[in-house]
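**Student:** Supplied in structure tokens, the structure appears directly below.
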Amino acid sequence: MRRTLFAFLALAVALGPGALGAADLSDLRPEVSKAVRHDVSPPFRELALRPLKSAPVVPNREIQNRVPVDLPQRHRGNDPLPDPLANGPVIGATPAPSASFEGLSDDDNAAVLGGRVVPPDANADVGLTHIVQTINLLYAVYTKTGTRIFGPVPVKNLWTGFGGICETDNDGDPVVLYDDAADRWVISQFAIGSNGHQCVAVSTSGDPTGSFFRYDFAVSPAANGFNDYPKMGIWPDGYYLTANEFISNFQGVVAVAFERDKMLLGQPAQMVRFGPLTCGTECYFSMQPAHFDGGTAPPAGAPNPLIQSWDDETWGTGAGLDGYRMFDFAVNWASPLTSTLALLPQVNAAEFDAEFCNFSRACILQPSPGERLDPLGQFTMFRAMYRNFGTHQSLVLNHTVDVTGRSIAGVRWAELRNSGSGWFLHQSGTIAPTSDSRWMGSIAQDKQGNIAIGYSVSSRNVKPSIRYVTRAVGDPLGTVGSEVTLIAGAGVQQSSSSRWGDYSSMSVDPADGCTFWFTSEYYANNGSFDFKTRIGSFKQPGCI
């Protein structure tokens, strides 16, 4: 997602010494380093008042997302169609929104930065009293009733006075997470220069407009390294990150742990890195780290589970089963070179198809004169949310699948459980109640085990809109409730490189453990580089 014009990057697949085959991790060793620099910032509300040091962005800038498109095992087309889990029964009613208000927009980019940007990469998280939303390339804070109390501010302003590439570059792909156990905010975005950096800031209190402990980690340290699509998750022993590493061509997934305990105190912090998991007979791409979103902590010493949706016709040999590939990332900060990354047995699932429009980004239909939109079918979507219910651990995730074989998208969701003997598929389903496409999903689970999934909807007859469903914990497995519209789009996107976000986000309010908050994008009018975002909340009846 650099400043270059959009272009698919071919993947040169070459097996060499140490390359991974089907499950060969024998040469995978941890790399240990420290943050390039760190400090503590003045309050963000003061930094926001300082003028930008660098020139504004070029109008109509695209934050590029790189995709390996020439894997030799693709295009097998062996998945049974239609999707076996699509169009299941609707059980119960999904609650209406209790709040719905405007978030950041490309108008804000134009006003603050002097140029417009796609895609928005809208995400947000909720704390005890605030909601923080980030997009490419801005940051804002809201009350839970929708009043914006801070921002819009360029994300990089948080690193003003810090020095280095985090201060000078506003490259995007931001992630905001609320660390429930510590009452802290974690903000991250990448910065790409001669190699790939991750700029990570941890608030010194629960105030997202206050001061932050700031860090710069060289996540992709090789010359011309690029840590694309970085996604973070919070775990008791670390802040975990996965990224797709490129050095001209795709190298593989890297998995990184940052030393959370030290970062909460603003002290020098270590980083443990594994990878890249290079492509051989199988290929890993766009994994998600598990994100502990409050409640009972994971068992003491539990490793962070990394997960990827696995369409074997895309990422494997084409002879295996679809499902979910998982790794246990066990970090040891006292002796970091003994940290391990272990491949777990695959969790098999009903077959699904991750291929859309022959892997083209110009795919999902809008009404005329809208362009076709990117489905991101090969991506495991942000976030993989973890909860510990005592009797079992639960991990929920979602990804986009072709439900008909004609590139009509649906949201495949899954709940994996671990009762002490390893992860297994507890339930899954595919949200596709009509012939419209549904994609760009995010999923979360409340303290009772109720699930919510938000996503975008579009077709030749439906302007891109934001909808969601819920399921009550006692509903029949694999079912969801009726579909609710958070906001109906009133326009279509034109001439924006087919980019319809790279992620959205669903989170749970720590104040009650019940209220879901979702944010994603839509258009209020036909246009290009003119997205809006919406923030909304709702909760399952009976959750108190």
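The values are calculated or read from the model by the stated rules, or taken from the named source; none is laboratory data. Given the structure is predicted, the values throughout are model-derived calculations rather than measurements. A quick note on method: Cβ atoms are made from the backbone with ideal geometry, for glycine too, and the neighbour counts reach across all protein chains shown. Side chains included, ligands, DNA and RNA excluded: accessible areas come from the protein's heavy atoms. Shrake-Rupley method; radii C 1.70, N 1.55, O 1.52, S 1.80 Å.
**Student:** Just the number please: accessible area per residue for the chain, 1.4 Å probe, all protein chains included, in Å².
**Tutor:** 31
**Student:** Okay, moving on. At residue 360 and residue 183, where each label point lies 7 Å from the Cα along Cα→Cβ, what is the point-to-point distance in nanometres?
**Tutor:** 5.4
**Student:** Choose one of 302, 347, 317: the residue whose Cα lies farthest towards the positive end of the charge dipole of the stretch 281-357 (beta-carbon charges +1 Lys, Arg; -1 Asp, Glu; about the Cα centre).
**Tutor:** The Cα lying farthest towards the positive end belongs to 302.
**Student:** How big is the convex hull of the Cα atoms of the stretch 351-443, per residue, in Å³?
**Tutor:** Enclosed volume per residue, from the Cα hull, is 100 Å³.
**Student:** Next up: Got a sec? Charge dipole of the chain, +1 on Cβ for Lys and Arg, -1 for Asp and Glu; which of 217, 131, 500 is way out at the positive end?
**Tutor:** Of the listed residues, the answer is 131.
**Student:** Put a dot 7 Å past each Cα toward the Cβ at residue 406 and residue 460; how far apart are the dots in nm?
**Tutor:** Here the modelled spin labels are 0.8 nm apart.
**Student:** Something else: Only residues of the stretch 470-489 count here: report those whose backbone N is under 20 Å from the spot 7 Å along Cα→Cβ of residue 391, or say none.
**Tutor:** Residues passing the 20 Å test: 471-479.
**Student:** For the chain, with all protein chains present and a 1.4 Å probe, just round the carbon and sulfur fraction of the accessible area to a whole percent.
**Tutor:** Carbon-and-sulfur percentage of accessible area, whole number: 54.
**Student:** Size of the stretch 247-294 along its principal axes in angstrom, Cα-based, largest extent first?
**Tutor:** 42, 26, 15
**Student:** Do you know the relative contact order of the stretch 76-201, to the nearest whole percent, from alpha carbon pairs under 8 angstrom that are 6+ apart?
**Tutor:** It rounds to 16 percent for the stretch 76-201.
**Student:** Here's another thing I want to ask about it. Have a look at 32, 81, 202 and report the one farthest towards the positive end of the charge dipole of the chain, computed about the Cα centre with Cβ charges (Lys/Arg +1, Asp/Glu -1).
**Tutor:** Toward the positive end, the furthest listed residue is 202.
**Student:** Please give the length that would be gained between residue 296 and residue 434 if that part of the chain were fully extended, namely 0.36 nm times their separation in residues minus their C-alpha to C-alpha distance (nm, one decimal).
**Tutor:** Here the answer is 45.9 nm.
**Student:** If amide H atoms are built 1.01 Å from N in the plane of the peptide, which residues on other chains or at least 5 residues away come under 5 Å of the amide H of residue 529?
**Tutor:** Counting only residues 5 or more places away or on other chains, the set is 494.
**Student:** Where in the stretch 509-536 does the label zone of residue 368 land, with the point 7 angstrom along Cα→C-beta and an amide N cut-off under 16 Å?
**Tutor:** none
**Student:** Here are some values of semi-axes √(5λ) of the Cα gyration tensor in Å: [x] 29, 28, 25; [y] 63, 31, 25; [z] 45, 33, 28. Which one was computed from this structure?
**Tutor:** Among [x] 29, 28, 25; [y] 63, 31, 25; [z] 45, 33, 28, the one derived from this structure is [x].
**Student:** A further question follows. Okay, which of the stretch 507-544 sit inside 19 Å, backbone N to the point 7 Å along the Cα-Cβ direction of residue 485?
**Tutor:** 518-527, 532-538
**Student:** Next question. Can you give the Rg to Rh ratio of the stretch 138-220, both from alpha-carbon atoms, with Rh computed by the Kirkwood formula?
**Tutor:** A ratio of 0.98.
**Student:** May I ask you to derive the FRET efficiency for residue 267 and residue 168 from their Cβ-Cβ distance with R0 = 35 Å, giving the value to the nearest 0.05?
**Tutor:** With R0 = 35 Å, the Cβ-Cβ based efficiency is 0.90.
**Student:** Moving on to the next point. On a full-extension model of 0.36 nm per residue, what is the gain between residue 31 and residue 281, subtracting their alpha-carbon distance, rounded to one decimal in nm?
**Tutor:** 87.5 nm
**Student:** Another one. What does the extension gain come out to for residue 128 and residue 424, with contour length at 0.36 nm per residue minus their alpha carbon separation?
**Tutor:** Length gained between residue 128 and residue 424: 103.3 nm.
**Student:** Could you give the size of the charge dipole of the stretch 102-153 about its Cα centre, using +1 on the Cβ of each K and R and -1 on the Cβ of each D and E, expressed in debye and rounded to the nearest 20?
**Tutor:** The calculation lands at about 140 debye.
**Student:** Let me ask another. Can you give me the long-range amide H partners of residue 179? Hydrogens built in the peptide plane at 1.01 Å from N, cutoff under 5 Å, separation of 5 or more residues or another chain.
**Tutor:** 184, 185, 186
**Student:** About the Cα centre of the stretch 321-436, what is the dipole size in debye to 20, counting +1 per Lys and Arg Cβ and -1 per Asp and Glu Cβ, all else neutral?
**Tutor:** That gives a dipole near 280 debye.
**Student:** Amide H to amide H under 5 Å from residue 450: which residues, 5+ apart in sequence or cross-chain, H placed 1.01 Å off N in plane?
**Tutor:** 473
**Student:** To continue, here is another question. Report, in debye and to the nearest 20, how large the dipole of the chain comes out about its Cα centre when Lys and Arg carry +1 and Asp and Glu carry -1 on their Cβ.
**Tutor:** 740
**Student:** Can you give the calculated 222 nm mean residue ellipticity of the chain, where each DSSP H run of n ≥ 4 adds -39,500 (n - 2.57) and the sum is split over every residue, rounded to the nearest 500 deg cm²/dmol?
**Tutor:** Taking each H run of at least 4 residues, the total per residue is -1000 deg cm²/dmol.
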